[in-house]
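Comments concern the structure below.
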Amino acid sequence: MTVQPEGATRDRLIAAAAELIAASPGEDFSLRAVCDAVGVKMPTLYHFFGSKQGLVDAVVERGFDLYLGEKSAMESSGDPVQDIRAGWDAHVAFGLAHPGFYTLMYGTVQPGHSPAAQARPSEILRGLTARAAEQHRLVVPSEQAAAHILVTNIGVTLRQIVLAAPDPELSAAVREGAIAAITGTGTGPVTERNAAVAATIELAAANPSVLGPTQTQLLVEWLTALNDARRTS
């Protein structure tokens, strides 16, 4: 009989649990079914994970590894707000493609418990909003902007998973509403900064194909520099 290395057995248990979860997103799953799928006894599962929650946390970690692997393949546009848009769309696409993983990653709420792996994509988002803040393109603190984007992104993704139907128009509308809220380019009250310049920057960033990526980035940099000069003059 071939003895499986411990790491291989652990990986197979995670994979089996992930398959069961993916087959019935949002529903409970049986530890016995996981063990049967791998051909091990319950003590083996408890040896690796300690509890059902330990196994769930490992599946969540695997989900974030998959999610971040897909995001790492994305090229940065060089513009933080445009990268937020691209990240939003990638987030929604991942949720629709992997509803079992996603509902564990973001849809299962336990008061006082937040999977440690959630911090990794959140750090990426906070990095983008921090860059946008450095360019004076936010009307709220960068941490608040990141939270605003994240919670609305999660909400629109979970809605599409619940309805089992993609809704790209809704996603785009909510995305642009969230970006308008953090950049001050919506129809609400204007701030002291030059709203016309801000609106032009975000219009260019939202439509990089019109001028081309290089020209769009140059326009954003020029307008930001002009706005900074106007602010300090």
With every protein chain present, what is the per residue accessible area of the range 32-103 (1.4 Å probe, Å²)? 43
Share of the range 6-183's accessible area from carbon and sulfur, percent, 1.4 Å? 57
Cα-Cα pairs in the range 4-67 separated by more than 14 Å, as a whole percent of all pairs, come to 52
Convert 20 °C to kelvin, take the viscosity as 1.002 mPa s, use the Kirkwood radius over C-alpha pairs of the range 33-144 as Rh, and evaluate the Stokes-Einstein diffusion coefficient in µm²/s, rounded to a whole number. 132
Please report the net charge: other residues with Cβ closer than 13 Å to the Cβ of residue 172, K and R +1, D and E -1. -2
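The values are calculated or read from the model by the stated rules, or taken from the named source; none is laboratory data. Every value quoted in this text rests on a predicted model; they were computed, and no experiment measured them. We place every Cβ from the backbone using ideal geometry, glycine too, and count neighbours over all the protein chains shown. In case anyone asks, the SASA skips ligands and DNA or RNA and just uses the protein heavy atoms, side chains included. Shrake-Rupley method; radii C 1.70, N 1.55, O 1.52, S 1.80 Å.
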